[in-house]
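Asker: First the structure, then my questions, so here it is.
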Amino acid sequence: MSGAITTRIGRHAPARRSNSATREHPVTRLIVIGIALTFLALLLCVPLFTVFAAAFSKGIPAFFAALGDEYTISAIELTLITAAISVPLNFVFGVAAAWVISKYDFWGKSALITAIDLPFSVSPVISGLVFVLLFGAQGWFGPYLSAHDIKVIFAVPGIVLATTFVTFPLVAREVLAVMQSTGNDEEEAALTLGASGWQILFRITLPKVKWGLVYGVILCNARAMGEFGAVSVVSGHIRGETNTMPLHVEILYNEYNFVGAFAVASMLALLALVTLGIKRLIEVAPDFGRGRGRRASAAGSAVDARPDLGGAVS
């Protein structure tokens, strides 16, 4: 009996010593948590509180009067339109680029990856200037566009192009990282069983990379609504026509209309918070949070959906 007790103690003693050795000191834990909370407060909470405090500094009526201005409404509409066009475009491009890079080996693959990262290394102002040199009145395509009465620069198409360019790596990079980490085993199994490419995409690949898609779309949407540099170059700052919300904030602030500037800025912050709220709702949705078991049977589901293959497989 004593030998059994000694054996048990001998087995568990090293585990206790190991746990105590790897457990951090309470003071260290408090210091790390304090540093994280301090940075969070200084870099996020305090600026956000300052924006809303300045927006309501002259009362609620002044706040809503600033938001009810026709130029402000036009800026909000243009910002939402730009995001509504550029985000779906980047969604399609991001999925296609990630699929090609992660599933195939081809000549120029490294060049494609480098091109995706290009907007990260180029200043947004330079990106906007490139579009001016391409589609401006004196640009490469300027004479053709002028002859056909097509406006790109100083118009909505130029704003959408510039926004799409500076945001297109966001979805692609997020989805590509997830696709590369999950591998191709399930896709290869479905392909062996006779599933088509579209069935593999919608029933296996997209469910596997849904978190990358969610985060990529959120980042893309936030950047699209808050983009300033590239849009500033191609917009022309025409009030009521080509001013997005960030450009309108700059104009109001330069005119010493601080309530109006911070009111529009608070709307940008509110749109960001709403986006995060939608992300949270997606995370807690029952159908969205199912485990790997559903993905493991996705290959069979892709084949079962095809009547002509069901009998052969069974």
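The values are calculated or read from the model by the stated rules, or taken from the named source; none is laboratory data. As the structure is a computational prediction, the values presented were derived from the model and not from experiment. So basically every Cβ, Gly included, is an ideal-geometry build from the backbone, and we count neighbours across all protein chains shown.
Asker: Name, by its number, the condition in (1) touching a residue at least 24 places away in the same chain (Cβ under 8 Å); (2) part of a helix (DSSP H, G or I); (3) surrounded by fewer than 22 Cβ atoms within 10 Å (Cβ to Cβ) that does not hold for Ile251.
Answerer: The failed condition is (1).
Asker: Can I ask one more? What pairs come up if the first residue lies in region 127-152 and is modelled with pLDDT of 90 or more, the second is small (Gly, Ala, Ser) and outside any helix (DSSP H, G or I), and their beta carbons are under 6 Å apart, counting only those six or more places apart or on different chains?
Answerer: Listed pairs, sorted by first residue: Leu133/Gly139.
Asker: Can you tell me which residues in region 14-66 are surrounded by 11 or more Cβ atoms within 10 Å (Cβ to Cβ) and either charged (D, E, K, R) or modelled with pLDDT under 85 (or both)?
Answerer: Arg29, Lys58, listed by residue number.
Asker: Filter region 182-213 for residues that are under 23 Å from Asn90 (Cβ atoms) and polar (S, T, N, Q); which is surrounded by the fewest Cβ atoms within 10 Å (Cβ to Cβ)?
Answerer: This residue is Thr182.
Asker: Going by the structure shown, is Thr205 part of a loop (DSSP other than H, G, I, E, B), among the polar types (S, T, N, Q) and either out of contact with any strand residue (DSSP E or B) (no Cβ under 7 Å at 6 or more places or on another chain) or over 28 Å from Phe131 (Cα atoms) (or both)? Working first, answer last.
Answerer: Working: part of a loop (DSSP other than H, G, I, E, B): no; among the polar types (S, T, N, Q): yes; either out of contact with any strand residue (DSSP E or B) (no Cβ under 7 Å at 6 or more places or on another chain) or over 28 Å from Phe131 (Cα atoms) (or both): yes.
Against the criterion (part of a loop (DSSP other than H, G, I, E, B), among the polar types (S, T, N, Q) and either out of contact with any strand residue (DSSP E or B) (no Cβ under 7 Å at 6 or more places or on another chain) or over 28 Å from Phe131 (Cα atoms) (or both)), Thr205 does not qualify.
Asker: Do any helices (runs of 4 or more DSSP H) lying entirely in region 13-122 carry at least 3 residues that are touching a residue at least 40 places away in the same chain (Cβ under 8 Å), and which ones are they? Don't jump to the end; show me each part of the working.
Answerer: Numbers: elements: 26-40, 46-55, 60-67, 70-103, 109-121.
Ranges flagged: 46-55, 60-67, 70-103, 109-121.
Asker: Can you go through Leu170, Leu129 and tell me which one is crowded, with 19+ Cβ neighbours inside 10 Å, touching a helix residue (DSSP H, G or I) at 6+ places or on another chain (Cβ under 6 Å) and either aliphatic (A, V, I, L, M) or under 25 Å from Gly240 (Cα atoms) (or both)?
Answerer: On the way: Leu129 fails: crowded, with 19+ Cβ neighbours inside 10 Å.
Criteria check complete, one pass: Leu170.
Asker: I've got another one for you. Would a scan of region 201-211 turn up a residue that is without any contact (Cβ under 8 Å) to a residue 24 or more places away in the chain and among the basic types (Lys, Arg)? Break it down into steps so the answer makes sense when it comes.
Answerer: The first filter runs over region 201-211 and keeps only residues without any contact (Cβ under 8 Å) to a residue 24 or more places away in the chain, leaving 202.
Checking the rest, the ones that are also among the basic types (Lys, Arg) come to none.
No, that holds for no residue.
Asker: Let me ask you something else. Within region 132-152, can you find the residues that are in contact with a Gly (Cβ under 6 Å, 6 or more places away or on another chain) and not β-branched (Val, Ile, Thr)? So that I can check it myself, show each step before the final result.
Answerer: Residues of region 132-152 that are in contact with a Gly (Cβ under 6 Å, 6 or more places away or on another chain), as a first pass: 133, 136, 142, 152.
Leu133, Gly136, Gly142, listed by residue number.
Asker: Turning to a different aspect of this structure: Across region 254-287, what is the total count of residues that are in a loop (DSSP other than H, G, I, E, B) and touching a residue at least 12 places away in the same chain (Cβ under 8 Å)? So that I can check it myself, show each step before the final result.
Answerer: Within region 254-287, the first condition is being in a loop (DSSP other than H, G, I, E, B), and the residues that meet it are 255-257, 285-287.
Subset that is touching a residue at least 12 places away in the same chain (Cβ under 8 Å): 257.
Number of matching residues: 1.
Asker: Let me ask you something else. If you go through region 97-113 one residue at a time, do you hit one that is within 30 Å of Ile200 (Cα to Cα), touching a Ser or Thr at 6+ places or on another chain (Cβ under 8 Å) and of a type outside the set (Val, Ile, Thr)?
Answerer: Taking region 97-113 first, the residues within 30 Å of Ile200 (Cα to Cα) are 97-113.
Next, from what is left, pick out any that are touching a Ser or Thr at 6+ places or on another chain (Cβ under 8 Å): 99.
Subsequent filtering for residues that are of a type outside the set (Val, Ile, Thr) retains 99.
Taking every residue of region 97-113 in turn, at least one turns out to be within 30 Å of Ile200 (Cα to Cα), touching a Ser or Thr at 6+ places or on another chain (Cβ under 8 Å) and of a type outside the set (Val, Ile, Thr).
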